[in-house]
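The values are calculated or read from the model by the stated rules, or taken from the named source; none is laboratory data. What you see is a predicted model; the values in this text were computed from it and never measured. All Cβ positions, even for glycine, are placed from backbone atoms using ideal geometry, and neighbour counts span all protein chains on display.
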Amino acid sequence: MYMHVLTSNSMKRKAFIKSLAVSAAGIAASPALAVESRPKKESVPQIVGFNHLPVKEIKTMKTVLHLADSRSNVDHGWLKARHTFSFANYYNPERIHFGVLRVLNDDQIAGGMGFGMHPHDNMEIITIPLSGTIEHKDSMGSHGIIQAGEVQVMSAGTGVTHSEFNHNKDELLKLLQIWVIPQKHAVTPRYDQATYDATKTNEFVQVVSPFDQDEAGLKIHQNARFYLGNLTEGFGAEYNIKAEGNGLYVFVIDGNITVDSQKLSTRDGYGIWDTESVYITADSNAKVLLMDLPMAV
């Protein structure tokens, strides 16, 4: 969803942006910190970027907490974005990726505005509209209208160009766009979208699953599973991580929850690994996204 940026006054940022052009084979490990302080104040970027694969080795621990107001805060007027991980002109060496989770962008796009045709390759891109409607077109001939209650995936593979716009001229579009580093490179590009049951409560509805597994959800080329849950206050359940070597990244779309003993509020993110399960409690009515994915890249 963003165009590649080559300008910066920081030597570290130049090295970071240069590294984004290399293949996924150069990625060594997944980063995480225990609890972070808020990032330094950043200048508002003038160009929106399309960063792909990082080459950055950062020591991991067992949990990482990303508070909502510690994310980037980018305002282009027509686009307001919060980035959990380094993206475009936002660079934080302690926030490159969580396992194969490379991008978690929380975007608001003004009516009728969006991104013209731009390229991607070797990335699994998942879009989850929260309100409003997004219109997608790509070089494969796909044309989709996606709204809240639906999920979109695109395997960029050998290369694809696409555009994304707010379909409505008089309504704000809010969405999550998530990039997952694939386990297979140079696959044939593909596009898919589907509706999930957003009316279910107190269960985690699977919306993304591995390409080679007979499971619910849209398919991606990675051993990753995404779940959306509408939880009512007081609900509690154990979540079992689905594969050895996987971790879990919990993103609170709305409300308040507790994961084991860690309290989380709206738009907080929390990564956990080297464990088999966690216990999730809804401290209020809440909407939650769970991303169960490999820690090794």
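From the list E164, E215, pick out the single residue that is loosely packed, with under 14 Cβ neighbours inside 10 Å, of a type in the set (D, E) and either in a loop (DSSP other than H, G, I, E, B) or modelled with pLDDT of 95 or more (or both). Before you say what the answer is, go through the steps one by one.
Values: E164 fails: loosely packed, with under 14 Cβ neighbours inside 10 Å.
When all the criteria are applied, what remains is E215.
Applying the criterion of being more than 17 Å from G229 (Cα to Cα) and charged (D, E, K, R) to the residues of segment 264-289, the residue that is surrounded by the fewest Cβ atoms within 10 Å (Cβ to Cβ) is E276.
Whether a residue is at pLDDT 95 or above, closer than 24 Å to R95 by Cα and either surrounded by fewer than 21 Cβ atoms within 10 Å (Cβ to Cβ) or over 19 Å from the mean Cα position of the chain (by Cα) (or both) was assessed, and I220 does not pass this test. For segment 227-282, the tally of residues that are of a type in the set (K, R) and within 27 Å of P129 (Cβ to Cβ) stands at 2.
So that you can scan it fast, the table gives a plain yes or no per residue for (1) over 28 Å from M113 (Cα atoms); (2) in contact with a Leu (Cβ under 8 Å, 6 or more places away or on another chain); (3) part of a loop (DSSP other than H, G, I, E, B):
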site	(1), (2), (3)
D170	no, no, yes
P182	yes, no, yes
V187	yes, no, yes
A194	no, yes, no
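Considering (1) at negative phi; (2) part of a loop (DSSP other than H, G, I, E, B), the lone condition that Y239 does not fulfil carries the number (2). Residue-level analysis places T232 among those that are under 25 Å from E150 (Cβ atoms) and either surrounded by fewer than 14 Cβ atoms within 10 Å (Cβ to Cβ) or touching an Asp or Glu at 6+ places or on another chain (Cβ under 6 Å) (or both).
Condition check for M113 on (1) at pLDDT below 95; (2) surrounded by fewer than 18 Cβ atoms within 10 Å (Cβ to Cβ): one failure, at (1).
Somewhere in segment 83-99, is a residue buried (at least 22 other Cβ atoms within 10 Å of the Cβ) and either of a type in the set (D, E) or more than 19 Å from the chain's Cα centre (by Cα) (or both)? Looking through segment 83-99, none of the residues is buried (at least 22 other Cβ atoms within 10 Å of the Cβ) and either of a type in the set (D, E) or more than 19 Å from the chain's Cα centre (by Cα) (or both).
From the list V187, V205, pick out the single residue that is among the hydrophobic types (A, V, I, L, M, F, W, C), surrounded by 14 or more Cβ atoms within 10 Å (Cβ to Cβ) and within 30 Å of K62 (Cβ to Cβ).
Only one candidate qualifies: V205.
Meeting the requirement of 1 or more residues that are basic (K, R), the strands (runs of 3 or more DSSP E) wholly within segment 89-146 are 101-109, 133-138. Pairs are defined by a Cβ separation below 6 Å, a sequence spacing of at least 6 or placement on different chains, a first member in segment 112-138 that is more than 28 Å from Y227 (Cβ to Cβ), and a second member that is among the hydroxyl-bearing types (S, T, Y); the pairs so defined are G116/S163; M117/T161; M117/S163; P119/T161; K137/S163.
Just one of the listed residues (G271, G234) is at positive phi and modelled with pLDDT of 95 or more, and it is G234.
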